[in-house]
Amino acid sequence: MLPKVAIIGKQNVGKSTLFNRLIGRRKAIVDKTPGVTRDRIEAIVEWGGKSFIIVDTGGIIDDKKNPIVVGILKQITSVLKNSELILFLLDARHGITQEDETVYKFLIPYRDKVVLVLNKIDDEKIKRDMETDYFKFGFNKIFEVSAEMGRGIGDLLDYVIESIHSKSIEREESIPVAIIGRPNVGKSTLLNVLCNEERAIVTEIPGTTRDSFDTIIEYENQKIKIIDTAGIRKKAKIHNLLENISVIRAKQGIRMAKVVLFIVDALDGFLSQDLNLLKYIENEGKGIIVLINKWDAKEKDEKTFDNLKKVIEQRMPLLSHAPVISISAKNRLRTDRILPMVIQIYNGLRKRINTSQINADLSEILLNYQPAITKTEIPKVYYATQQSVEPPTFILFVNNPCLFRENYKRFIHNKLRELYGIDGVPIRVVLRKKK
């Protein structure tokens, strides 16, 4: 495990800007609106041949009645306990404010590992006007930086590396898994269950999660990287830039993932937006598990579950392979089935079948199930091969692709999946004219 370094401060002091500067790319959402960062976001920083994990956190404010604020403070406390070093960030242009005093009191139990960082020193005038009041906090080490301009960042990184005795980065293979669904369907609750800790803020307010962030867990000696994402709304319901960015991030999460955990609210059923997202995931060629959450709260009979599965099969025939699990993330109902299925699907995505085996099996299929003959020409399949994995893609060389009907193509899809045991995995079957 790499050591962790946390960025702590009031709202709008530039924590996310500093986070992006340290990792060398835009991962945290940066906006002038206070309170943009709510969940903590983690990334690996490499400097001087060594590395550590940097953690961006939500802004600390004194509002114990707000459930989101309470969630942020609870999460920050967990971060502080598990961090080797804490960067206490202040806005140098405004001096010490009452909000900074609130943050300082919050950090007192951890003061031995706190470093004061004065941000937004963008010109020499601000530097000359700085007062010595910052020393009243009692921190011996104070760094002056401009996260936006990049000033002072190298000196800060040198100190961080020296202080935490960082180890070399270990690049171990992990399975990228994205948690996707509309707002307030239980994505963050499921993330916390899978991680077995309170990793994301969970409230009843839709849209609590705005960023996508990654968490590494280990199951059965296999590392799994879980990408939690903001809820995706219809375009007409995206009212501002932040929500638009969240949609982009969620779709990026799908593209980066190998397996997608798609959550549907059992009380709402499948809405048109859910079906649009399922189609997007299918087009991206990702493994998928459909999770019907809040199952304990739904009025149901013995046919309810089967009826929901039929909606997918009827509206999305190519997703009929996707396993469907009814769960309650809140009560951990059947959540223990998820990670074993993730590993199974991931292995299916990477499965490769040798050409001789494919052609032997295809000959058997064609012997028993010939494609329909047209009036003009007899459809013929000459041979087949697997072109690639993730997803498994098979090329069938034929005399004329136009002669094969869609229902026969779906039949070949299903037979190949059945033969090679790749349930939950999209496969591609491409008909190509033999030259």
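The values are calculated or read from the model by the stated rules, or taken from the named source; none is laboratory data. The structure displayed is predicted, hence computed values, not measured ones. For neighbour counting, all protein chains shown are included, and Cβ atoms are generated from backbone atoms with ideal geometry for every residue, glycine included. Side chains included, ligands, DNA and RNA excluded: accessible areas come from the protein's heavy atoms. Shrake-Rupley method; radii C 1.70, N 1.55, O 1.52, S 1.80 Å.
A few notes on this one:
- Of the helices (runs of 4 or more DSSP H) that lie entirely inside region 315-433, those containing 2 or more residues that are under 30 Å from the mean Cα position of the chain (by Cα) span 338-349, 406-420.
- Within region 79-122, being of a type in the set (Asp, Glu) and either farther than 20 Å from LEU2 by Cβ or part of a helix (DSSP H, G or I) (or both) holds for ASP91, GLU99, ASP100, GLU101, ASP112, ASP122.
- Those residues of region 405-420 which are basic (Lys, Arg) and under 17 Å from MET316 (Cα atoms), in sequence order: LYS409, ARG410, ARG417
- Scanning region 33-57 for residues that are touching a Ser or Thr at 6+ places or on another chain (Cβ under 6 Å), closer than 22 Å to LEU191 by Cα, open to solvent by 10 Å² or more (accessible area, probe 1.4 Å) and at pLDDT 75 or above yields a total of 1.
Each row is one residue, and each column tells you yes or no for (1) open to solvent by less than 50 Å² (accessible area, probe 1.4 Å); (2) touching a strand residue (DSSP E or B) at 6+ places or on another chain (Cβ under 7 Å); (3) more than 15 Å from VAL425 (Cα to Cα).
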{"residue": "ILE289", "(1), (2), (3)": "yes, yes, no"}
{"residue": "ASP296", "(1), (2), (3)": "no, yes, yes"}
{"residue": "LYS300", "(1), (2), (3)": "no, no, yes"}
{"residue": "HIS321", "(1), (2), (3)": "yes, no, no"}
{"residue": "LEU333", "(1), (2), (3)": "no, no, yes"}
{"residue": "ASP336", "(1), (2), (3)": "no, no, yes"}
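- Among the residues of region 78-114, those that are among the polar types (S, T, N, Q), open to solvent by less than 40 Å² (accessible area, probe 1.4 Å) and under 22 Å from ALA43 (Cβ atoms) comprise SER78, SER83.
- Whichever residue in region 257-306 is acidic (Asp, Glu) and part of a helix (DSSP H, G or I) and, among such residues, is modelled with the lowest pLDDT: ASP274
- Screening the candidates ILE60, ILE76, ILE126 for the property of being at pLDDT below 85, assigned to a helix (DSSP H, G or I) and touching a helix residue (DSSP H, G or I) at 6+ places or on another chain (Cβ under 8 Å) yields one hit, ILE76.
- The residues in region 151-180 that are at pLDDT 85 or above and more than 19 Å from TYR219 (Cα to Cα) can be counted, and the count is 14.
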